[in-house]
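A short reminder: the numbers here are calculations on the coordinates, not readings from a lab. Note that the structure is predicted; figures quoted are calculated from it, not measured. Heads up, the Cβs are rebuilt from the backbone with ideal geometry, glycines too, and the neighbour counts pull from every protein chain shown.
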Amino acid sequence: MTSEHFDAVIVGAGFAGIGAAIQLKRMGYENFVILDREDDLGGTWHVNHYPGLAVDVPTTTYSYFFEPNPNWSRLFSTGAEIKQYAGDVADKYDVRRHMRFGTVVESARWDEEAALWRVALAGGETVSARFLFTATGFLSQPHMPDIPGITSFDGRVIHTTAWDDGYDPTGQRVGIIGTGATAVQLIPELAKKAADLTVYQRTPIWVVPKVDFRFSERAKRVFARFPLTQRAIRAVTDTIYELMVSVGVVHYKNTRGRFNIAAGDLAKMHRFATIRDKELRAKLTPDYDFGCKRPTFSNSYYRTFTKPHVHLQDSGIARIESDGIVAVDGTKTVIDTLVLATGFDLWEANFPAIEVIGRGGRNLGKWWRDTRFQAYQGVTMPQFPNYMSLASPYAFLGLNFFNTMEYQMRHMDRVFGELQRRGATTFEVTEEANTRYLDRMTELLGDSLFTTGDCASARSYYFNPSGEPTLLRPTSTRKAIQEASDFPLSDYRMS
Ligand code: NAP
């Protein structure tokens, strides 16, 4: 029945899976496997390779704490460079050889008698492991819009997560649905080549200017020779980003939204400086508070709409026909290619990304929906022994994923250190500790932008389908790291 047994199975070979693997090695485990459905490592940075792809977080900050990269070419690196960094880290820490690609994990079930996880793979095979980690990311299941007639379109349809590098929009009539962070990067690139580009916007996004620059060869040499210099810059960029989340989101009520108003004003000035057409500016203006939905940086997005061959359609999409899109205002636009920049199915398809059945048959997805989305310290859940979910409710620290990874690796270190010290083989968070954490998160979010700001029209994935903002962990990175290093060990039962 079971073909192979491991100490641990990690699902996902992105930055979370790589981080978990490095941590397992530090703790002395070698017999583990990383399973990933794609054909290479890197997670979202492998899957996404649409034109214009770059990161919105300064690269000084967008890296593992323990692995600064002196080779970043610029402050906001391109997707290709980040993918390269993932590969370099995996090689340096010798985790690539643990990876199995093209392997779709369907479910995992806790076997109480054997005290291990049975992990079912597509194709019928199963593997077993003492410990299970799901490192499946937050934005990994593409969202396909359910628009009437979409399957009847005769032209080419491309979702941004399945970009065809051979696709050339030169001279084409292109329609793009969506105006999220992905579209903001892609639209200016498409506009450079397409004969005609129509952008279908449902909810405008806040866009502020991007201050970006290249690192000179000399700066890179200094970073490599004196890593402290890069750490010093990281301290600055970390602090700026941390402050933005703290002031603009977590402590919104106390600051009376002053930061959000100022950031909104900056975006307004940016629009005003770029676009002369008052009506167009109004169409591109969000009517929800800055920060309710992921804002973005761009110096080219607004300017693109001033080009004569680029059109903004915001009346809604009535239906798609074989040769084009009919808007709610009756306008039909004939297109050759339909680009879906429609993002990800975060809550329905990703929480959790695979079926997970714990002790007593508790189904994680069902339990989250029947009760509330919850995870102790954004990592563990009661009735799920020997399991850490790295893409959990209340796990994400805000703008920088690597800070989340840092505290999760420390959490692993503390749990496994104690497990080994006691000579125990299973750990499980107590119901009481989990409830205490959930109550604290709920209380902290009470003062946040998500609870006290005007987010009603944002359609933001920060909110779950019940309208609760259960994605963000509303604490500072420093606090999360401190808690990961000194949470009460009595919060776990070990045997
Ligand atoms: P997204 O933010 O979820 O945006 C999806 C867009 O598609 C939204 O404008 C949405 O409109 C629209 N849409 C979805 N279904 C639709 C429908 N049926 N009809 C009309 N419009 C529809 O996805 P994303 O742009 O891929 O970005 C996701 C996240 O990835 C970002 O928030 C960010 O965290 C990350 N990201 C980061 C970067 C970066 O670092 N620069 C770049 C890309 C992505 P509504 O808003 O009305 O729902």
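Stretched out fully, how many nm does the piece from Thr451 to Ser73 gain, at 0.36 nm a residue minus the Cα gap?
Numbers: separation 378, 0.36 × 378 = 136.08 nm, distance 3.90 nm.
Extra length available between Thr451 and Ser73 comes to 132.2 nm.
How big is the gap, in Å, between the Cα center of the range 453-491 and the Cα center of the range 323-372?
Going from one Cα centre to the other spans 21 Å.
By the scheme Lys and Arg +1, Asp and Glu -1, what is the net charge of all other residues having a beta-carbon under 12 Å from that of Thr306?
Working: positive: Arg271, Arg276, Arg281, Arg303, Lys307; negative: Asp277.
Net local charge, Thr306 excluded: +4.
What order do you get for Glu418, Glu428, Glu113, Glu81 when you list them from fewest to most C-beta neighbours inside 10 Å?
Values: Glu418 14, Glu428 20, Glu113 5, Glu81 17.
Placing the least packed residue first, the sequence is Glu113, Glu418, Glu81, Glu428.
At 7 Å along the Cα-to-beta-carbon direction for both Thr371 and Asp345, put a label point, then send me their distance in nm to one decimal.
Going from the Thr371 label point to the Asp345 one covers 2.6 nm.
Could you tell me which chymotrypsin sites (Phe, Trp or Tyr not before Pro) in the range 90-120 are loop residues by DSSP with no more than 16 other beta carbons within 10 angstrom of their beta carbon? Numbers along the way, then the final one.
Values: sites: Tyr93, Phe101, Trp110, Trp117; in loops: Tyr93, Phe101.
Here the sparse-neighbourhood loop sites are Phe101.
Only four residue types carry charge here, +1 at the Cβ of Lys and Arg and -1 at the Cβ of Asp and Glu. Report the dipole size of the range 296-396 about the Cα centre in Debye, rounded to the nearest 20. Provide the component values of the computation, followed by the final result.
Details: 9 positive and 9 negative charges, 90 e Å.
Dipole magnitude for the range 296-396 comes out near 440 debye.
Any idea how far apart Glu125 and Asp329 come out in nm if each label point goes 7 Å out from Cα toward Cβ?
5.5 nm
What ratio of Cα Rg to 2.2 N^0.38 Å holds for the chain?
On the way: Rg = 23.1 Å, N = 495, 2.2 N^0.38 = 23.2 Å.
Ratio of Rg to 2.2 N^0.38 Å for the chain: 1.00.
Compute, for the range 394-495, the length of the dipole vector about the Cα centre, with Cβ point charges of +1 (Lys, Arg) and -1 (Asp, Glu) only. Units Debye, rounded to 20.
Working: 11 positive and 14 negative charges, 61 e Å.
My answer is approximately 300 debye.
Where does the range 391-492 land on Rg/Rh, using Cα atoms and the Kirkwood Rh?
1.02
Name the residue farthest towards the positive end of the dipole of the chain from the options Thr285, Ala8, Thr425, assuming +1 on Cβ of Lys and Arg, -1 on Cβ of Asp and Glu, about the Cα centre.
Thr285
Find which of Gln377, Asn464, Tyr387 sits farthest along the positive direction of the dipole of the range 356-478, computed with +1 on the beta-carbon of Lys and Arg, -1 on that of Asp and Glu, about the Cα centre.
With unit charges placed on the Cβ atoms, the residue in question is Tyr387.
Mind sorting Cys455, Cys292 by how few other Cβ atoms lie within 10 Å of their own Cβ, fewest first? Let's see the in-between values first.
Details: Cys455 21, Cys292 25.
If I rank by nearby Cβ atoms, fewest first, I get Cys455, Cys292.
Which value in nm describes the separation of the simple spin-label points at Arg493 and Glu431, placed 7 Å from the Cα toward the beta carbon?
So the label points at Arg493 and Glu431 sit 1.0 nm apart.
Step through the table entries Lys210/Lys307; Lys193/Lys278; Lys278/Lys332; Lys283/Lys479; Lys293/Lys366; Lys253/Lys479, compare each Cα-Cα distance with 30 Å, and write down the pairs that go over it. Intermediate values should be presented prior to the final figure.
Numbers: Lys210/Lys307 20 Å; Lys193/Lys278 26 Å; Lys278/Lys332 24 Å; Lys283/Lys479 40 Å; Lys293/Lys366 26 Å; Lys253/Lys479 20 Å.
Table pairs above 30 Å Cα-Cα are Lys283/Lys479.
Compute the distance from the alpha-carbon center of the range 160-235 to that of the range 76-140, in whole Å.
28 Å
Let's see if you can work this out: charge +1 on each Lys and Arg Cβ, -1 on each Asp and Glu Cβ, no other charges. What is the dipole magnitude of the chain about its Cα centre, in debye to the nearest 20?
On the way: 56 positive and 57 negative charges, 331 e Å.
Dipole magnitude for the chain comes out near 1580 debye.
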